[in-house]
1. If each residue of separation counts as 0.36 nm, what is the full-extension length gain between Ala168 and Lys268 once their alpha-carbon separation is subtracted?
2. Hey, what's the Cα Rg ratio for the chain versus the globular rule of thumb, 2.2 N^0.38 Å?
3. Taking the simple approach of a point 7 Å from Cα along Cα-to-Cβ for both Ala313 and Ser117, what is their distance in nm?
4. Heavy atoms only, probe 1.4 Å: what % of the accessible area of the chain goes to carbon and sulfur, would you let me know?
5. Going by average Cβ density within 10 Å per residue, which order do the peptides 22-31, 49-58 take, highest to lowest?
6. Could you order peptides 6-15, 220-229 by the average number of other Cβ atoms within 10 Å of their residues, highest first?
7. Which percent of Cα pairs goes in each bin when the distances of the range 69-121 are cut into 5 angstrom slices starting at zero?
8. Between Asp155 and Asp45, take the C-beta separation as r, use R0 = 45 Å, and let me know the FRET efficiency to the nearest 0.05.
Amino acid sequence: MGLPIPQGRQRDVVYLAGEGHQVVLGTAGTGKTVMAIHRAAHLADNRTRNSGPTLLLTYNNSLVTYLRHLGDKLPGVTIETYGKFARGYLASQNKMGYNQIAGPDQRRFHVAQAIKSTAAVYKPNKFFDRSNDFFLDELEWIDGNGLKTVEAYLDADRVGRMAALQPAQRRAVWVIRDNYLASRKGGGYRYDWASLPASVRESLATDANSRRYKHIVVDEAQDLFPEAIRSLAEAIPEDGSLTLFADYAQQIYGQRISWRSCGLKVVKAEVFLDNYRNSPEIARLAIAMAKMPHFADSADLVEPRAPQRAAGAKPTLSRYATREDEVKAVSSTAARVGRTSRVGVLARTRNEARKAVQGLSGVRMLHDDMRRWEIDSGIYAGTYHSAKGLEFDVVFLPFCGADRCPDSDAVAAFGYDEAASRESRLLYVGVTRARAELVISYTGQLTSLLPPADSGLYQVAH
(Lines give C-alpha, C1' and ligand atoms only; values in the text may rest on other atoms or scores of the structure.)
Protein backbone atom coordinates (compact mmCIF):
# COMPACT_ATOMS: atom_id res chain seq x y z
CA MET A 1 0.00 0.00 0.00
CA GLY A 2 1.37 3.45 -0.88
CA LEU A 3 1.92 6.13 1.71
CA PRO A 4 -0.71 8.82 2.30
CA ILE A 5 0.23 12.01 0.46
CA PRO A 6 1.24 15.03 2.59
CA GLN A 7 -1.08 18.01 2.17
CA GLY A 8 -0.24 21.71 2.12
CA ARG A 9 2.35 22.76 4.67
CA GLN A 10 2.89 19.13 5.71
CA ARG A 11 5.32 18.91 2.81
CA ASP A 12 7.48 21.66 4.32
CA VAL A 13 8.00 19.59 7.47
CA VAL A 14 9.19 16.61 5.47
CA TYR A 15 12.01 18.73 4.08
CA LEU A 16 13.08 20.55 7.26
CA ALA A 17 16.84 20.83 7.77
CA GLY A 18 18.51 17.46 8.20
CA GLU A 19 20.64 18.64 11.12
CA GLY A 20 19.87 19.59 14.71
CA HIS A 21 16.62 19.36 16.66
CA GLN A 22 13.19 19.84 15.09
CA VAL A 23 9.83 19.81 16.90
CA VAL A 24 6.43 19.56 15.19
CA LEU A 25 3.32 20.08 17.32
CA GLY A 26 -0.05 19.07 15.94
CA THR A 27 -3.42 18.17 17.34
CA ALA A 28 -5.19 14.89 16.63
CA GLY A 29 -5.90 14.37 12.95
CA THR A 30 -3.30 16.83 11.63
CA GLY A 31 -1.29 14.10 9.92
CA LYS A 32 1.69 13.83 12.28
CA THR A 33 2.20 10.14 11.51
CA VAL A 34 2.05 10.83 7.75
CA MET A 35 4.65 13.58 8.13
CA ALA A 36 6.84 11.41 10.38
CA ILE A 37 7.05 8.51 7.98
CA HIS A 38 7.69 10.77 4.97
CA ARG A 39 10.29 12.66 6.98
CA ALA A 40 12.07 9.40 7.82
CA ALA A 41 11.95 8.26 4.18
CA HIS A 42 13.40 11.58 3.03
CA LEU A 43 16.28 11.53 5.52
CA ALA A 44 17.17 7.94 4.59
CA ASP A 45 17.05 8.58 0.83
CA ASN A 46 20.61 8.61 -0.53
CA ARG A 47 19.59 11.38 -2.92
CA THR A 48 19.04 13.67 0.08
CA ARG A 49 21.90 15.88 1.23
CA ASN A 50 23.26 14.57 4.54
CA SER A 51 21.20 11.37 4.26
CA GLY A 52 21.91 8.33 6.38
CA PRO A 53 20.44 5.41 8.34
CA THR A 54 17.22 6.57 9.99
CA LEU A 55 15.27 5.33 12.99
CA LEU A 56 11.50 5.91 13.03
CA LEU A 57 10.52 5.54 16.64
CA THR A 58 7.39 5.43 18.76
CA TYR A 59 6.34 4.23 22.20
CA ASN A 60 3.49 1.95 21.24
CA ASN A 61 3.86 -1.51 19.64
CA SER A 62 0.45 -1.27 17.96
CA LEU A 63 1.61 1.93 16.28
CA VAL A 64 4.86 0.27 15.20
CA THR A 65 2.80 -2.38 13.41
CA TYR A 66 0.71 0.34 11.76
CA LEU A 67 3.79 2.31 10.67
CA ARG A 68 5.32 -0.80 9.16
CA HIS A 69 2.08 -1.37 7.29
CA LEU A 70 2.32 2.17 5.88
CA GLY A 71 5.98 2.01 5.05
CA ASP A 72 7.03 -1.58 4.56
CA LYS A 73 9.30 -0.64 1.66
CA LEU A 74 11.44 2.11 3.15
CA PRO A 75 15.11 1.39 2.52
CA GLY A 76 17.38 2.71 5.23
CA VAL A 77 14.55 3.17 7.77
CA THR A 78 14.22 1.07 10.92
CA ILE A 79 10.83 1.17 12.68
CA GLU A 80 10.64 0.19 16.35
CA THR A 81 9.67 1.25 19.87
CA TYR A 82 11.90 3.18 22.23
CA GLY A 83 12.12 0.12 24.50
CA LYS A 84 13.39 -2.08 21.70
CA PHE A 85 15.89 0.58 20.63
CA ALA A 86 17.23 0.96 24.19
CA ARG A 87 17.41 -2.78 24.83
CA GLY A 88 19.15 -3.38 21.51
CA TYR A 89 21.69 -0.63 22.08
CA LEU A 90 22.58 -1.88 25.56
CA ALA A 91 22.90 -5.43 24.19
CA SER A 92 25.31 -4.15 21.53
CA GLN A 93 27.44 -2.76 24.38
CA ASN A 94 27.35 -6.11 26.24
CA LYS A 95 25.25 -4.51 28.97
CA MET A 96 22.03 -6.46 28.44
CA GLY A 97 21.70 -10.15 29.16
CA TYR A 98 18.77 -12.52 28.90
CA ASN A 99 15.70 -11.65 31.00
CA GLN A 100 17.36 -8.75 32.82
CA ILE A 101 14.43 -6.31 32.56
CA ALA A 102 11.82 -6.47 35.30
CA GLY A 103 8.35 -6.47 33.78
CA PRO A 104 5.31 -4.79 35.36
CA ASP A 105 4.50 -7.71 37.66
CA GLN A 106 8.07 -8.10 38.88
CA ARG A 107 8.42 -4.36 39.35
CA ARG A 108 5.21 -4.20 41.36
CA PHE A 109 6.40 -7.05 43.60
CA HIS A 110 9.79 -5.48 44.34
CA VAL A 111 8.28 -2.03 44.96
CA ALA A 112 5.82 -3.59 47.44
CA GLN A 113 8.75 -5.23 49.21
CA ALA A 114 10.59 -1.93 49.30
CA ILE A 115 7.62 -0.05 50.77
CA LYS A 116 7.24 -2.68 53.47
CA SER A 117 10.92 -2.69 54.45
CA THR A 118 11.08 1.12 54.45
CA ALA A 119 7.94 1.57 56.56
CA ALA A 120 9.40 -0.84 59.13
CA VAL A 121 12.20 1.58 60.06
CA TYR A 122 9.96 4.67 60.26
CA LYS A 123 7.51 5.62 62.96
CA PRO A 124 3.96 4.62 61.95
CA ASN A 125 2.91 6.98 59.17
CA LYS A 126 -0.11 6.96 56.88
CA PHE A 127 2.15 8.00 54.02
CA PHE A 128 3.19 4.37 53.58
CA ASP A 129 -0.45 3.31 53.37
CA ARG A 130 -0.81 5.00 49.98
CA SER A 131 -1.55 2.82 46.98
CA ASN A 132 1.42 0.99 45.50
CA ASP A 133 0.49 2.65 42.22
CA PHE A 134 1.41 6.01 43.74
CA PHE A 135 4.94 4.83 44.56
CA LEU A 136 5.32 2.98 41.25
CA ASP A 137 4.44 6.20 39.46
CA GLU A 138 6.80 8.33 41.56
CA LEU A 139 9.77 6.00 41.03
CA GLU A 140 9.07 5.97 37.31
CA TRP A 141 9.03 9.78 37.31
CA ILE A 142 12.39 9.89 39.10
CA ASP A 143 13.97 7.60 36.51
CA GLY A 144 12.18 9.30 33.64
CA ASN A 145 13.70 12.63 34.62
CA GLY A 146 17.18 11.23 35.16
CA LEU A 147 17.45 12.17 38.85
CA LYS A 148 20.53 10.54 40.37
CA THR A 149 20.58 11.87 43.94
CA VAL A 150 18.11 12.65 46.68
CA GLU A 151 19.29 16.27 46.51
CA ALA A 152 18.33 16.45 42.83
CA TYR A 153 14.93 14.96 43.67
CA LEU A 154 14.36 17.47 46.47
CA ASP A 155 15.22 20.34 44.12
CA ALA A 156 13.14 19.08 41.19
CA ASP A 157 9.94 20.83 40.16
CA ARG A 158 7.55 17.88 40.18
CA VAL A 159 5.48 18.68 37.09
CA GLY A 160 2.40 16.47 36.82
CA ARG A 161 1.89 15.91 40.54
CA MET A 162 -0.97 18.17 41.58
CA ALA A 163 -0.44 17.60 45.33
CA ALA A 164 3.24 18.27 45.97
CA LEU A 165 5.19 15.96 48.29
CA GLN A 166 6.88 17.55 51.29
CA PRO A 167 10.69 17.21 51.65
CA ALA A 168 10.39 14.54 54.34
CA GLN A 169 8.05 12.56 52.11
CA ARG A 170 10.45 12.84 49.17
CA ARG A 171 13.28 11.57 51.38
CA ALA A 172 11.11 8.58 52.32
CA VAL A 173 10.39 7.93 48.62
CA TRP A 174 14.13 7.96 47.96
CA VAL A 175 14.70 5.34 50.66
CA ILE A 176 11.97 3.26 49.04
CA ARG A 177 13.79 3.69 45.74
CA ASP A 178 17.08 2.48 47.23
CA ASN A 179 15.36 -0.53 48.76
CA TYR A 180 13.54 -1.24 45.49
CA LEU A 181 16.80 -1.22 43.52
CA ALA A 182 18.35 -3.62 46.02
CA SER A 183 15.32 -5.92 45.93
CA ARG A 184 15.18 -5.84 42.14
CA LYS A 185 18.89 -6.62 41.85
CA GLY A 186 18.47 -9.47 44.31
CA GLY A 187 15.74 -10.85 42.08
CA GLY A 188 18.13 -10.96 39.13
CA TYR A 189 16.87 -7.89 37.28
CA ARG A 190 19.47 -5.33 36.27
CA TYR A 191 16.88 -2.98 34.77
CA ASP A 192 13.24 -2.11 34.55
CA TRP A 193 11.81 -0.32 31.52
CA ALA A 194 11.87 3.07 33.22
CA SER A 195 15.59 2.80 33.97
CA LEU A 196 16.67 2.11 30.38
CA PRO A 197 17.00 5.73 29.16
CA ALA A 198 19.46 6.66 31.91
CA SER A 199 21.46 3.50 31.23
CA VAL A 200 21.52 4.31 27.50
CA ARG A 201 22.81 7.83 28.24
CA GLU A 202 25.48 6.49 30.57
CA SER A 203 26.69 4.07 27.92
CA LEU A 204 26.57 6.62 25.09
CA ALA A 205 28.76 9.00 27.12
CA THR A 206 31.71 6.59 26.82
CA ASP A 207 30.85 5.01 23.46
CA ALA A 208 33.45 6.08 20.90
CA ASN A 209 31.92 4.02 18.09
CA SER A 210 30.07 5.65 15.20
CA ARG A 211 26.39 6.14 15.92
CA ARG A 212 24.15 3.55 14.29
CA TYR A 213 21.61 6.12 13.13
CA LYS A 214 22.33 9.49 11.58
CA HIS A 215 18.73 10.61 11.94
CA ILE A 216 15.99 9.77 14.43
CA VAL A 217 12.33 10.63 13.86
CA VAL A 218 9.90 10.17 16.75
CA ASP A 219 6.13 9.90 16.32
CA GLU A 220 3.97 10.58 19.41
CA ALA A 221 7.06 11.99 21.14
CA GLN A 222 5.01 13.44 23.99
CA ASP A 223 4.77 9.92 25.39
CA LEU A 224 8.48 9.75 26.19
CA PHE A 225 10.06 10.92 29.42
CA PRO A 226 12.72 13.67 29.29
CA GLU A 227 15.53 11.18 29.89
CA ALA A 228 14.46 9.13 26.87
CA ILE A 229 14.44 12.24 24.68
CA ARG A 230 17.88 13.24 25.98
CA SER A 231 19.18 9.78 25.15
CA LEU A 232 17.90 10.09 21.58
CA ALA A 233 19.56 13.49 21.18
CA GLU A 234 22.83 11.87 22.26
CA ALA A 235 22.33 8.83 20.02
CA ILE A 236 22.86 10.84 16.81
CA PRO A 237 26.15 12.24 15.48
CA GLU A 238 26.91 15.96 15.54
CA ASP A 239 25.78 16.35 11.93
CA GLY A 240 22.64 14.23 12.44
CA SER A 241 19.06 15.22 13.25
CA LEU A 242 16.34 14.48 15.80
CA THR A 243 12.77 15.27 14.71
CA LEU A 244 9.96 15.03 17.26
CA PHE A 245 6.26 14.92 16.34
CA ALA A 246 3.99 15.47 19.32
CA ASP A 247 0.58 16.46 20.65
CA TYR A 248 0.36 17.31 24.32
CA ALA A 249 -3.40 16.99 24.37
CA GLN A 250 -2.84 13.27 23.73
CA GLN A 251 -0.18 12.87 26.43
CA ILE A 252 -0.69 9.63 28.38
CA TYR A 253 2.70 8.24 29.32
CA GLY A 254 4.96 11.15 30.19
CA GLN A 255 4.53 13.99 32.63
CA ARG A 256 3.60 17.04 30.53
CA ILE A 257 7.15 18.29 30.12
CA SER A 258 8.30 20.92 27.65
CA TRP A 259 11.01 20.35 25.07
CA ARG A 260 13.10 23.07 26.67
CA SER A 261 13.32 21.06 29.87
CA CYS A 262 14.82 18.22 27.83
CA GLY A 263 17.72 20.44 26.81
CA LEU A 264 16.77 20.48 23.14
CA LYS A 265 17.89 23.38 20.98
CA VAL A 266 14.73 24.17 19.06
CA VAL A 267 14.69 27.45 17.18
CA LYS A 268 11.00 27.26 16.33
CA ALA A 269 8.38 24.55 16.76
CA GLU A 270 6.24 23.92 13.71
CA VAL A 271 2.55 24.01 14.68
CA PHE A 272 -0.34 22.29 12.87
CA LEU A 273 -3.96 22.92 13.81
CA ASP A 274 -6.05 21.73 10.85
CA ASN A 275 -7.77 18.41 11.47
CA TYR A 276 -7.81 16.16 8.39
CA ARG A 277 -9.12 13.03 10.14
CA ASN A 278 -12.25 13.69 12.18
CA SER A 279 -15.64 14.82 10.99
CA PRO A 280 -16.58 18.36 12.14
CA GLU A 281 -18.95 16.95 14.76
CA ILE A 282 -16.32 14.63 16.29
CA ALA A 283 -13.73 17.41 16.14
CA ARG A 284 -16.07 19.78 17.99
CA LEU A 285 -16.36 17.27 20.83
CA ALA A 286 -12.55 16.97 20.96
CA ILE A 287 -12.19 20.77 20.99
CA ALA A 288 -14.67 21.01 23.86
CA MET A 289 -12.71 18.37 25.79
CA ALA A 290 -9.45 20.25 25.23
CA LYS A 291 -11.04 23.33 26.81
CA MET A 292 -12.14 21.52 29.97
CA PRO A 293 -10.34 22.33 33.25
CA HIS A 294 -8.28 19.14 33.42
CA PHE A 295 -6.44 20.12 30.24
CA ALA A 296 -5.49 23.57 31.49
CA ASP A 297 -2.08 22.59 32.89
CA SER A 298 -0.69 20.95 29.75
CA ALA A 299 2.65 22.35 28.62
CA ASP A 300 2.70 23.35 24.94
CA LEU A 301 -0.95 22.38 24.46
CA VAL A 302 -2.12 23.24 20.96
CA GLU A 303 -5.87 23.89 20.68
CA PRO A 304 -7.52 22.02 17.77
CA ARG A 305 -8.94 24.05 14.92
CA ALA A 306 -11.92 23.33 12.70
CA PRO A 307 -11.67 20.11 10.67
CA GLN A 308 -11.12 19.94 6.93
CA ARG A 309 -13.67 17.17 6.26
CA ALA A 310 -17.32 17.28 5.26
CA ALA A 311 -20.02 17.33 7.90
CA GLY A 312 -21.33 14.08 9.35
CA ALA A 313 -23.39 12.86 12.29
CA LYS A 314 -22.95 14.04 15.84
CA PRO A 315 -21.36 11.52 18.22
CA THR A 316 -23.99 9.19 19.68
CA LEU A 317 -24.43 9.08 23.44
CA SER A 318 -26.22 5.99 24.76
CA ARG A 319 -27.21 5.26 28.36
CA TYR A 320 -28.08 1.71 29.47
CA ALA A 321 -29.79 0.36 32.56
CA THR A 322 -27.21 -2.38 33.15
CA ARG A 323 -23.69 -3.17 32.02
CA GLU A 324 -24.99 -6.38 30.46
CA ASP A 325 -27.37 -4.37 28.27
CA GLU A 326 -24.50 -2.06 27.32
CA VAL A 327 -22.20 -4.92 26.33
CA LYS A 328 -24.93 -6.60 24.30
CA ALA A 329 -25.70 -3.38 22.40
CA VAL A 330 -22.04 -2.50 21.73
CA SER A 331 -21.08 -5.97 20.54
CA SER A 332 -24.12 -6.42 18.27
CA THR A 333 -23.79 -2.96 16.72
CA ALA A 334 -20.02 -3.32 16.24
CA ALA A 335 -20.58 -6.66 14.53
CA ARG A 336 -23.05 -5.12 12.10
CA VAL A 337 -20.96 -2.04 11.33
CA GLY A 338 -17.77 -4.09 11.10
CA ARG A 339 -19.03 -5.89 7.99
CA THR A 340 -18.38 -2.77 5.89
CA SER A 341 -16.18 -0.49 8.05
CA ARG A 342 -13.01 -0.58 10.13
CA VAL A 343 -14.25 -0.43 13.73
CA GLY A 344 -12.39 0.30 16.96
CA VAL A 345 -13.81 -0.73 20.34
CA LEU A 346 -11.68 1.04 22.93
CA ALA A 347 -11.68 0.99 26.72
CA ARG A 348 -9.47 1.78 29.72
CA THR A 349 -8.19 -1.77 30.19
CA ARG A 350 -7.71 -4.79 28.00
CA ASN A 351 -10.21 -6.75 30.09
CA GLU A 352 -12.88 -4.09 29.54
CA ALA A 353 -12.16 -4.09 25.80
CA ARG A 354 -12.53 -7.88 25.69
CA LYS A 355 -15.75 -7.70 27.66
CA ALA A 356 -17.23 -5.19 25.23
CA VAL A 357 -16.73 -7.59 22.28
CA GLN A 358 -17.38 -10.86 24.07
CA GLY A 359 -18.99 -13.49 21.91
CA LEU A 360 -17.84 -11.91 18.64
CA SER A 361 -15.62 -13.88 16.27
CA GLY A 362 -12.77 -12.46 14.22
CA VAL A 363 -12.01 -9.56 16.56
CA ARG A 364 -8.39 -8.38 16.22
CA MET A 365 -6.96 -7.28 19.55
CA LEU A 366 -4.60 -4.32 19.67
CA HIS A 367 -1.63 -5.48 21.72
CA ASP A 368 2.14 -5.52 22.01
CA ASP A 369 2.56 -8.67 19.90
CA MET A 370 0.74 -7.45 16.80
CA ARG A 371 2.61 -8.57 13.70
CA ARG A 372 0.50 -7.04 10.95
CA TRP A 373 -2.09 -4.34 10.37
CA GLU A 374 -5.22 -5.12 8.39
CA ILE A 375 -6.65 -2.48 6.07
CA ASP A 376 -9.99 -4.14 5.38
CA SER A 377 -13.22 -3.90 7.33
CA GLY A 378 -13.58 -5.59 10.68
CA ILE A 379 -13.34 -5.01 14.42
CA TYR A 380 -10.28 -4.03 16.44
CA ALA A 381 -10.49 -3.93 20.24
CA GLY A 382 -8.01 -2.67 22.80
CA THR A 383 -7.07 0.01 25.28
CA TYR A 384 -6.85 3.72 24.62
CA HIS A 385 -3.08 3.31 24.97
CA SER A 386 -2.92 0.63 22.29
CA ALA A 387 -4.92 2.77 19.85
CA LYS A 388 -2.49 5.67 20.10
CA GLY A 389 -1.75 7.08 16.63
CA LEU A 390 -4.33 4.83 14.90
CA GLU A 391 -7.65 5.68 13.27
CA PHE A 392 -10.91 3.88 12.54
CA ASP A 393 -14.03 4.63 10.51
CA VAL A 394 -16.21 4.03 13.57
CA VAL A 395 -15.19 4.03 17.25
CA PHE A 396 -17.12 2.68 20.24
CA LEU A 397 -16.18 3.94 23.71
CA PRO A 398 -18.07 1.83 26.27
CA PHE A 399 -18.07 2.11 30.09
CA CYS A 400 -17.92 5.91 30.23
CA GLY A 401 -19.99 6.19 33.39
CA ALA A 402 -18.92 8.26 36.38
CA ASP A 403 -18.44 5.08 38.44
CA ARG A 404 -15.74 3.81 36.05
CA CYS A 405 -14.16 7.01 34.81
CA PRO A 406 -11.93 8.17 36.38
CA ASP A 407 -10.91 4.75 37.64
CA SER A 408 -11.30 4.29 41.39
CA ASP A 409 -7.80 2.81 41.75
CA ALA A 410 -6.32 5.86 40.02
CA VAL A 411 -8.29 8.16 42.33
CA ALA A 412 -7.04 6.23 45.37
CA ALA A 413 -3.45 6.46 44.16
CA PHE A 414 -3.29 10.06 42.97
CA GLY A 415 -6.38 11.89 44.20
CA TYR A 416 -9.40 12.85 42.10
CA ASP A 417 -7.95 15.89 40.30
CA GLU A 418 -4.79 14.19 39.15
CA ALA A 419 -6.59 10.98 38.17
CA ALA A 420 -9.13 13.04 36.22
CA SER A 421 -6.34 14.94 34.45
CA ARG A 422 -4.69 11.70 33.34
CA GLU A 423 -7.86 9.93 32.28
CA SER A 424 -9.37 12.87 30.43
CA ARG A 425 -6.40 12.59 28.07
CA LEU A 426 -7.08 8.89 27.63
CA LEU A 427 -10.64 9.69 26.62
CA TYR A 428 -9.38 12.37 24.23
CA VAL A 429 -7.26 9.72 22.52
CA GLY A 430 -10.30 7.46 22.17
CA VAL A 431 -12.55 10.20 20.80
CA THR A 432 -10.03 11.37 18.22
CA ARG A 433 -9.47 7.88 16.76
CA ALA A 434 -12.86 8.14 15.00
CA ARG A 435 -13.02 9.38 11.42
CA ALA A 436 -16.75 9.34 10.71
CA GLU A 437 -18.78 7.94 13.62
CA LEU A 438 -18.35 7.85 17.38
CA VAL A 439 -20.54 5.97 19.86
CA ILE A 440 -20.11 6.63 23.59
CA SER A 441 -22.04 4.50 26.08
CA TYR A 442 -22.40 4.30 29.84
CA THR A 443 -24.55 3.20 32.77
CA GLY A 444 -25.55 5.38 35.69
CA GLN A 445 -24.29 8.94 35.26
CA LEU A 446 -22.05 10.14 32.42
CA THR A 447 -18.45 10.77 33.45
CA SER A 448 -17.63 14.40 34.22
CA LEU A 449 -14.55 14.05 32.01
CA LEU A 450 -16.79 14.47 28.96
CA PRO A 451 -19.01 17.44 28.15
CA PRO A 452 -22.52 16.91 29.58
CA ALA A 453 -25.26 15.16 27.64
CA ASP A 454 -27.18 18.41 27.13
CA SER A 455 -24.19 20.28 25.67
CA GLY A 456 -25.54 19.96 22.13
CA LEU A 457 -22.45 18.00 21.04
CA TYR A 458 -24.22 14.60 20.94
CA GLN A 459 -27.21 12.90 19.45
CA VAL A 460 -28.65 11.28 22.56
CA ALA A 461 -30.09 7.81 22.07
CA HIS A 462 -33.07 6.87 24.25
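The values are calculated or read from the model by the stated rules, or taken from the named source; none is laboratory data. This structure is a prediction, so every number in the text was calculated from the model and none was measured. Please note: Cβ atoms are built from the backbone with ideal geometry, for glycine as well, and neighbour counts cover all protein chains shown. The area values use the complete protein model at the heavy-atom level, side chains included, leaving out ligands, DNA and RNA. Shrake-Rupley method; radii C 1.70, N 1.55, O 1.52, S 1.80 Å.
1. Gain on extension, Ala168 to Lys268, equals 32.0 nm.
2. Against the empirical 2.2 N^0.38 Å value, I get 0.98 for the chain.
3. According to this spin-label approximation, the distance is 5.8 nm.
4. 49 percent
5. So the peptides 22-31, 49-58, ranked by packing, come out 22-31, 49-58.
6. Output ranking for 6-15, 220-229: 220-229, 6-15.
7. The calculated distribution, bin by bin, is 4, 15, 14, 13, 15, 12, 12, 6, 4, 3, 2, 1.
8. After rounding, the FRET efficiency stands at 0.50.
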